[in-house]
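Beneath this line is the structure, given in structure tokens, with notes to follow.
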Amino acid sequence: MPVTSPLPPALNRETAILEFNRRVLAQARRPDVPLLERLRYICIVSSNLDEFFEVRMADYIEAARQPGTGVVGSDLASVASQAHALIGDQYACFNDEVMPALKRAGIVVVNHAERDRAQRRWVQEFFEQQVRPLLVPVGLDPSHPFPQVANKSLNFIVRLGGKDAFGRENSIAIVKVPRVLPRVMRLPDKIAGGKQGFVLLTSVIRAHLHELFQGRRVEAFSQFRLTRDSELAVDEEEVKNLRQALRSGLTTRHFGQALRLEVVNTCPPELSGFLLRQFGLPPAALYQVNGPVNLGRMNALIDAADAPALRFAPHHPAWPMGLPRDVSIFWRLRQGDVLLHHPFESFEPVVQFLREAVSDPKVLAIKQTIYRTGTESPLMDLLIEAVQRGKEVTCVVELKARFDEEANINWAERLEAVGAQVVYGIVGLKTHAKLLLVTRREGTPARPVLRRYAHLSTGNYNLRTARLYTDIGYLTADARLTEDAEAVFQQLASLGKTKPLRRMLQAPFTLHAEMLARVQQVARAARAGSAARIVLKINALTDAALIAALVDAGQAGAEIDLVVRGACCLPPGVPGQTDRIRVRSIVGRFLEHTRLLYFRWGAGPDDEVLFLTSADWMSRNMFRRIEIAWPVRDAELRQRLIDEALVPYLLDGKDAWIQRADGSYAPVGGHGASAQQALMVRLRGSR
């Protein structure tokens, strides 16, 4: 049966992303969040906005230039206006709330005007010894053209008076600041006036800028920073070796199309105008900020400050329940599946699983997908050791994991160097599925049997983010699941067709269609008067067909709760259209990353299904990536996931935001329990 009412207009995705960053910024305003953590949220917003401009704004600008895409200049202007407003609020929070509070707590950033004689002497010596030797000011003239400005690098533009050493009146100079210089320095305690004092590199250079231009007057100046399109443009259909092509592309990534120009708000209009013309940018691309042009660099102050009370109390993940420390993981998985709920539970069992596989002489083969592992990874080191021990190791390395390309290329080369079989997924599709498969010879010498063991996950094989992101890991020896995992690896390596998977769903083949079918199944149950329920916990909801199906199910009478961390283009609560759909977003200490899908279409014990998945409900995940989803068939583990990964988030009264029909969000009020805090207590206490 079709949708009974018209579909409400979808919400703008770029606006939804900016709204998410408003929710992150709101964390920096919460008095119950430790001060240094409030500053960290400001830094996170800066990092998120950099990526927004590098990726989303680049695509948006390109789409606006192409007729027929549906993106028009007014849309672009609206998004740019929202970005300007958000950045203005970010700096207001930084200057008017967080930094004054840190000063009262004894942590202060000392600018030039506030420094006493001893502090100025220290800064002068630091500039002379550590900074000045690395600065090369470039005076502009026909033989000194405007220098190449790298993406997100710190620079100064200077207007000079007087004549140069050759008697000419060239008035503009550029000073590029090397990335190797620290952006935040701590003053020695003996001259800090009883506080923890810090100085910013921009302040140091500003105070001594005139010393770089002997015989000239510094009449005006500004720091500036350029954001460029950072997409690696590689025609996968044409290149013969994707790794080599991407390695080459990394050298030019920092000099893509200019998208945003940041200057300080005291920058004279003639200097900002000169820069806009130089980079071919419109006035709307100019962002005048009241402070450092890259607040993300304040992370260095957070790390250097000696103030444990101003940070979150250390979190020590618990050892997972149901996994004895003193027994073989292979033995335990033969008894049943094991659930890992990160970061409340430790990621160490995943490392131990691979370590046991590497050292076990009965293990013959190991296969793993690699998306974001980081520059240092015990897991990758173990894979290298496995090859050296004579095991067959196959790695599917996703070279186009945005901003992790270089790390993944390096790992691919190291793995290939020792003899691992390394493939790079499928042309045109990112391999985003998280799979680790171990094949072990068991049984007796007379009757050997090959048994597979697997780890499946909603998140990456990255030990650092496993402490910061919520995710579900799933260890299993289920023959059907592990057979499906083997089939996925075979397909990624051989490019051949495989027989239909028995338990897993896979994008771009079956996942989207199965999700539509499940939503429609719930809708039919609702129309028949049966219990009908959908609860999704995902990072983004933007796919038009899935949104339409959810709207139809809600209009049929199904109760639908969506816990969507980031962009959600479905407007909830529209009278007569989406009354039964509720959307909330959780923004807390940890980044919500778990993807869990629950469907109920009746009252019986078999009238429900719960999937874990690596995919969000976005068209790119469904059609342009290799993704997996799998049902949790163990009733006890399924109930545990409902109790831990769904119910607390639906009841969260502290970190939750409720989405309104117009796409804006309202906090729930802040007087209830935090799901994340409750889970930290619950899972630590269950050991």
Name the residues in region 460-500 that are modelled with pLDDT under 95 and part of a loop (DSSP other than H, G, I, E, B), would you?
-> 460, 461, 462, 463, 464, 495, 496, 497, 498, 499, 500
Search region 362-389 for residues that are acidic (Asp, Glu) and pair each with any residue that is open to solvent by 60 Å² or more (accessible area, probe 1.4 Å) when their beta-carbon atoms are under 6 Å apart and the residues are at least 6 apart or on different chains.
-> none
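Could we say that residue 535 is crowded, with 16+ Cβ neighbours inside 10 Å, β-branched (Val, Ile, Thr) and more than 29 Å from residue 663 (Cβ to Cβ) here?
no
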Do we find a residue being assigned to a helix (DSSP H, G or I), in contact (Cβ under 8 Å) with a residue 60 or more places away in the chain, of a type in the set (Asp, Glu) and open to solvent by 10 Å² or more (accessible area, probe 1.4 Å) anywhere in region 103-120?
-> no
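Per-residue answers, yes or no, for (1) out of contact with any strand residue (DSSP E or B) (no Cβ under 6 Å at 6 or more places or on another chain); (2) assigned to a loop (DSSP other than H, G, I, E, B); (3) at pLDDT 90 or above; (4) exposed (fewer than 15 other Cβ atoms within 10 Å of the Cβ):
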| residue | (1), (2), (3), (4) |
| --- | --- |
| 125 | yes, no, yes, yes |
| 157 | no, no, yes, no |
| 166 | yes, yes, no, yes |
| 180 | yes, yes, yes, yes |
| 185 | no, no, yes, no |
Yes or no: residue 524 open to solvent by 20 Å² or more (accessible area, probe 1.4 Å), farther than 19 Å from residue 16 by Cα and not in a loop (DSSP other than H, G, I, E, B)?
-> yes
Helices (runs of 4 or more DSSP H) (entirely within region 306-416) containing at least 3 residues that are of a type outside the set (Asp, Glu) and touching a helix residue (DSSP H, G or I) at 6+ places or on another chain (Cβ under 7 Å) = 348-359, 378-388
Of the residues in region 634-653, those that are free of Cβ contacts under 8 Å to residues at least 40 places away in the same chain and not acidic (Asp, Glu) number 7
Output for region 189-219, where each listed residue is assigned to a strand (DSSP E or B), surrounded by 15 or more Cβ atoms within 10 Å (Cβ to Cβ) and either on the phi > 0 side of the Ramachandran plot or at pLDDT below 95 (or both) = 218
Return yes when residue 132 is charged (D, E, K, R) and either open to solvent by less than 30 Å² (accessible area, probe 1.4 Å) or free of Cβ contacts under 8 Å to residues at least 60 places away in the same chain (or both) and no when it is not.
-> no
Applying the selection to region 569-607, what residues are in a strand (DSSP E or B), touching a residue at least 40 places away in the same chain (Cβ under 8 Å) and of a type outside the set (Phe, Trp, Tyr)?
-> 582, 583, 584, 585, 586, 591, 592, 596, 597, 600
Considering 340, 323, 281, 333, which residue is closer than 26 Å to residue 461 by Cα and modelled with pLDDT under 95?
-> 323
Would you mind stating whether residue 300 is open to solvent by 30 Å² or more (accessible area, probe 1.4 Å), in contact (Cβ under 8 Å) with a residue 40 or more places away in the chain and part of a helix (DSSP H, G or I)?
-> yes
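The values are calculated or read from the model by the stated rules, or taken from the named source; none is laboratory data. This is a predicted model, so every value here is computed, not measured. Methodologically, a virtual Cβ is constructed for each residue, glycine included, from the backbone with ideal geometry; neighbour enumeration extends over all protein chains shown. Remember, those area values only see protein heavy atoms, side chains included, never the ligands or the DNA or RNA. Shrake-Rupley method; radii C 1.70, N 1.55, O 1.52, S 1.80 Å.
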